[in-house]
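Working notes for the structure below.
Computed from the coordinates by the stated procedures, all read-outs in this text should not be read as laboratory data. Everything numeric here is computed off the predicted structure, so don't read it as measured data. Methodologically, a virtual Cβ is constructed for each residue, glycine included, from the backbone with ideal geometry; neighbour enumeration extends over all protein chains shown.
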Amino acid sequence: MEEKLEKLYNECINELASIGINVLNEDFGNIDIKIAKRNSSRYGCCKQEEPDKNFYHFEKRKYRNVKVYDKFKIHHIEICRWVMELNDNIIKNTIIHEIIHCFPYCNNHGKIFKSYAKIINEKLNYNITRLGNKKEDFEKSNVEYKENLPIYNYKIICKNCGQVFYRKRLQKNFLRKYRCGKCSGKFDIFRGVYDGKKVSSKT
Ligand SMILES: [Zn+2]
Ligand SMILES: [Zn+2]
């Protein structure tokens, strides 16, 4: 899956270069890309590091003015696992969305982000939007759309009564701390990518 992501990322870079946006240009900083470790309902994210201290503005947050940096030297793009099940075109759409966040003044969905998205949509025939449309993207990919995306990382089964439930995260020492709410049995934990209903249970 990482290989596929790498391949699609390189295609995106080449397509952007073909319309004069050279992502490998030093000015954009250093970008790396990987599959997100944690499953979540969003498509992906871009974590910024090492702000260029010369580029900033102030934003009002409640009663304070907060300094917000506009340009970064290091960018870590993460794409969520469920996105990788969709059409290449939609995966690339997601990759380019996150690449735009690496550009100066684009660590948000503001005016400059939108103007890049517009140019890229027009010239390269993408559909980069602020949020994306999951239902539509699943339909286009011929993948069954589920309201509950497979976003759970842990499946927990009671060894004694067989009760099953799912969690995104687990506390440290979960196995030692908790017993089944129904029968006080011990649990087995399976790591993976799960959908399914989160059954609330007193554990
Ligand atoms: Zn975004
Ligand atoms: Zn039990």
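General observations
- Residues whose amide H falls under 5 Å from that of ILE35, counting only those 5 or more places apart or on a different chain, are ILE79, with hydrogens built in the peptide plane.
- Exposed loop sites here are GluC sites (Glu not before Pro) assigned a DSSP state other than H, G, I, E or B and surrounded by at most 11 other beta carbons within 10 Å; excluding them, the longest clear run of the chain is 1-143.
- Electrostatic tally near LYS7: other residues with Cβ closer than 14 Å to its Cβ, Lys and Arg +1, Asp and Glu -1, net -3.
- Across region 112-126, coupling constants 3J(HN,Hα) worked out from phi with the 6.51/-1.76/1.60 Karplus curve, θ = phi - 60°, read 6, 3, 5, 5, 5, 4, 5, 4, 5, 4, 5, 7, 10, 6, 9 Hz, and Gly and Pro carry x.
- Cβ-based exposure ranking for HIS76, HIS97, HIS57, in which fewest neighbours within 10 Å come first: HIS57, HIS76, HIS97
- Of the trypsin sites (Lys or Arg not before Pro) found in region 93-158, the ones in coil according to DSSP and having at most 13 other Cβ atoms within 10 Å of their Cβ are ARG130, LYS146.
- Its residues counted as N, the chain yields a C-alpha radius of gyration over 2.2 N^0.38 Å of 1.25.
- Among the listed pairs LYS37/LYS177; LYS134/LYS186; LYS34/LYS186; LYS47/LYS118, those with a Cα-Cα distance over 32 Å are LYS134/LYS186; LYS34/LYS186.
- Sorted by Cβ neighbour density within 10 Å, fewest at the top, the residues SER41, SER115: SER41, SER115
- The stretch between TYR145 and LYS186 holds 11.3 nm of extra length on full extension. This uses 0.36 nm per residue minus the Cα-Cα distance.
- Distant-in-sequence amide H partners of TYR105 (H built 1.01 Å from N, under 5 Å): LYS71
- Annotation: the residues PHE113, PHE58, PHE72, sorted from fewest to most other C-beta atoms within 10 Å of their own C-beta, follow the order PHE58, PHE113, PHE72.
- Overall dimensions of region 94-180 by Cα: Rg and Dmax, Å: 20.3, 59
- Estimated vicinal HN-Hα couplings, Hz - region 79-89 in sequence order (Karplus 6.51, -1.76, 1.60; Gly, Pro = x): 10, 6, 4, 5, 5, 5, 7, 8, 4, 3, 4
- Dipole moment magnitude, nearest 20 debye, the chain about Cα centre, only Lys, Arg, Asp, Glu C-beta charged: 1920
- Distant-in-sequence amide H partners of ILE151 (H built 1.01 Å from N, under 5 Å): TYR194
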